[in-house]
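The values are calculated or read from the model by the stated rules, or taken from the named source; none is laboratory data. Keep in mind the model is a prediction, meaning the values are calculated, not measured. Reconstructed Cβ throughout: ideal geometry from the backbone, glycine too, with neighbour counts over all protein chains shown.
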Amino acid sequence: MGNFNHKGGVRTSCYAILGLILFISIPGFSHPVSLNWVEIGIEDSILIVRYKILAEDLVYFHRPGHDEYYDYDINILDSLADVHGRLILQNFRISDENGILLDHSIDYVNSTLNGEKVNIMDLMRYEIQYRLEYKMITQDWKKLIIQQTLGTGDIKIPVVTFLSVYNGENTLLENVEVQRDEIMTIYPSGNNPRVNPSKLTSSFFTISESGIRHELTIPVKVFYSLLGVSGSSQITPERINSYFLKRNHIYGNEQKLKPQLSYFKTLENSRNTGFMYMDLFYPSQTYPGEVRVTWTDYNWHFRWFDSRISANDSTFLHTFSRFQPYLQWESSIDVEKKN
């Protein structure tokens, strides 16, 4: 077998295909998707906002140039991180009880990107972290109004934002999903939305010619409960692959497809709560024109979850639960012609 790292046609073709997958943005909730983790700490009349994204957002929103192997210049991405920070400030809006936008600024930007270049396949491995400050007029606040409008500009990217708010030692909100354009009101009394962990799970299936991709973001404690483990030291790629092989059955053209874990990452906040992000791929030798997906594992913390499925330039929603643990999909495209 040849060396995959050589500068040959096979490598170029592979990355060209991946590039097309990355840059095609399908209307609705399809891949690509921007994942945003936001933690707000209230200190007197100052809101300290720790805002975290994955480096792939710099490509989704700003479309930098790349070489023929889809390698991106780190210096250019670092510059775009600053540009993206200003975009976040424009779109992550916090107002007081009178609807007046709070004065805001970027305190610093921190990136885990390193080296001279990064490949398109590795972008999701790196984080961009922002520290933002919002200033209230008074410490005696009645409510805060939060709105996320990121992804509604010229480049329409589905955005998922997980929000936590802490007032000193008091938890006002923790790991609640803020929908794009949704207005969320936070009260100092702590009488704020509490969301079932199932609602905090983001699941995206993408059906393509080469197989099925599943991106899953799930609360860490919930995933631990499903695996029967107590901490991150017990989480290994082998254990994750084994779990999905046994609990998440995916069939393409009546053939069972085996999961391959592309990447996983634990994203925790200062209170040691957070999410597990996993990217799995189920390769298929032929175009999966008939797909059946089954999820068999539920518990008291995880009774159901919504999943968005993207296929043939369309997207639909399915809710997995004990009462409807599987979905069935059949392509309207002639499978023989596709293959």
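All of Leu123, Leu172, Leu132 fail the test of being modelled with pLDDT of 80 or more, of a type outside the set (Lys, Arg), under 24 Å from the mean Cα position of the chain (by Cα) and outside any strand (DSSP E or B), apart from Leu123. Could you list all residues from region 122-165 that are loosely packed, with under 15 Cβ neighbours inside 10 Å and either hydroxyl-bearing (Ser, Thr, Tyr) or out of contact with any strand residue (DSSP E or B) (no Cβ under 8 Å at 6 or more places or on another chain) (or both)? If the condition is that a residue be loosely packed, with under 15 Cβ neighbours inside 10 Å and either hydroxyl-bearing (Ser, Thr, Tyr) or out of contact with any strand residue (DSSP E or B) (no Cβ under 8 Å at 6 or more places or on another chain) (or both), then Ile137, Thr138, Gln139, Asp140, Lys142, Thr149, Thr152, Gly153, Asp154, Ile155, Lys156 are the ones that fit. In summary, Thr149 fulfils each of the numbered conditions (1) farther than 29 Å from Leu280 by Cβ; (2) over 17 Å from the mean Cα position of the chain (by Cα) with the single exception of condition (2). Count of region 156-169 residues, restricted to those that are farther than 17 Å from Leu35 by Cβ and part of a strand (DSSP E or B), is 3. Would you confirm whether or not region 283-296 contains a residue that is surrounded by fewer than 21 Cβ atoms within 10 Å (Cβ to Cβ), among the aliphatic types (A, V, I, L, M) and within 22 Å of the chain's Cα centre (by Cα)? For region 283-296, residues surrounded by fewer than 21 Cβ atoms within 10 Å (Cβ to Cβ), among the aliphatic types (A, V, I, L, M) and within 22 Å of the chain's Cα centre (by Cα): absent.
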